[in-house]
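Visitor: Below is one structure. I have some questions about it.
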Amino acid sequence: MGWLFYHRTPGAETNAEHFAKKFSTGYEIVAHGTVDHVFYAAVRARATGTVSACVVLTRWRRAEPNFGYKDLSETSGPADCKAPQNVLDALTPTPHEEALIWRANCRRHHAQRAFLRTHLTPGTRLRLTRPLRFSDGTERGTFTYTRTGRRPGALIHGSTRYTIPHWRDRVAALLDADGSETLTPVGEHHTATRPAPDRTPHPPSGPATATG
């Protein structure tokens, strides 16, 4: 379904309380969490006991109607894959390929964050999954991690500090001083799913011939 907007009184209830009213009596929320304005819920079907995930995108705005949401099933392949661990742990097995891919992406998100908390230190050079193009036309794929005091960690290149949304989810590898790489969970997945190079032998091409 698309976005649905209406009035919602700020602070009157939690997302779990609010969205529980949206489900029929045949379903109940057994685990939930909100990350980056996305409400994730593990929902049990009372009739079967099956627990599946529901992903709800939310948006507050100043104008009326002031609140909107768009709900997605895990079987529809949501792009948002940051469901809390308690939600993932509450889900029952599923045969749906799209749901399995979504759950794996969520697990990889948590593995990535745990890896970086352990291994990423100020001064570490890193490589993103793909280079980024900036407004000046340059492309950069390697940066240095920096953190000063209580400021959030950030990426720099030379003396320039870059604001890159969700950059931790894009880190493919940490670069060692000798030039070797340590792949992150995202980097391992990116490498495994990258198409293999075409090694089929091809005959040498002859000189171009004009036609017409």
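Visitor: Counting only heavy atoms of protein chains, what accessible area per residue, in Å², does the range 60-181 have with a probe of 1.4 Å? Each step should come with its number before you reach the end.
Guide: Details: 7310 Å² over 122 residues.
Spelled out: the 1.4 Å probe surface of the range 60-181, per residue, equals 60 Å².
Visitor: What does the charge count near N105 come to, summing +1 for each Lys or Arg and -1 for each Asp or Glu among other residues with Cβ under 12 Å from its Cβ? Please list the in-between numbers first.
Guide: Working: positive: K82, R103, R107, R108; negative: E74, D80, E98, D169.
Its environment carries a net charge of 0.
Visitor: Moving to a separate point now. Can you return the aspartates and glutamates within cross-link range of K82? Criterion is Cα-Cα under 14 Å, with same-chain partners fewer than 8 residues away left out.
Guide: In chain and number order, the partners are D36, E74, D169.
Visitor: How many percent of the accessible area of the range 74-123 is carbon or sulfur, using a 1.4 Å probe?
Guide: Working: 1460 of 2700 Å².
Looking at the range 74-123 in its full context, I get 54 percent from C and S.
Visitor: Out of [x] 66, 50, 25; [y] 70, 56, 39; [z] 55, 37, 30, which label holds the value of Cα extents along the principal axes in Å that was computed here?
Guide: Answer label, from the structure shown: [y].
Visitor: Please work out how much length the chain gains when fully extended from H157 to E17, using 0.36 nm per residue of separation minus the C-alpha to C-alpha distance, in nm with one decimal. Let's see the in-between values first.
Guide: Values: separation 140, 0.36 × 140 = 50.40 nm, distance 4.51 nm.
45.9 nm is the gain from fully extending H157 to E17.
The values are calculated or read from the model by the stated rules, or taken from the named source; none is laboratory data. The structure presented is a predicted model; accordingly, all values stated were derived computationally and were not measured. We place every Cβ from the backbone using ideal geometry, glycine too, and count neighbours over all the protein chains shown. Surface areas here come from the heavy atoms of the whole protein model, side chains and all, with no ligands, DNA or RNA. Shrake-Rupley method; radii C 1.70, N 1.55, O 1.52, S 1.80 Å.
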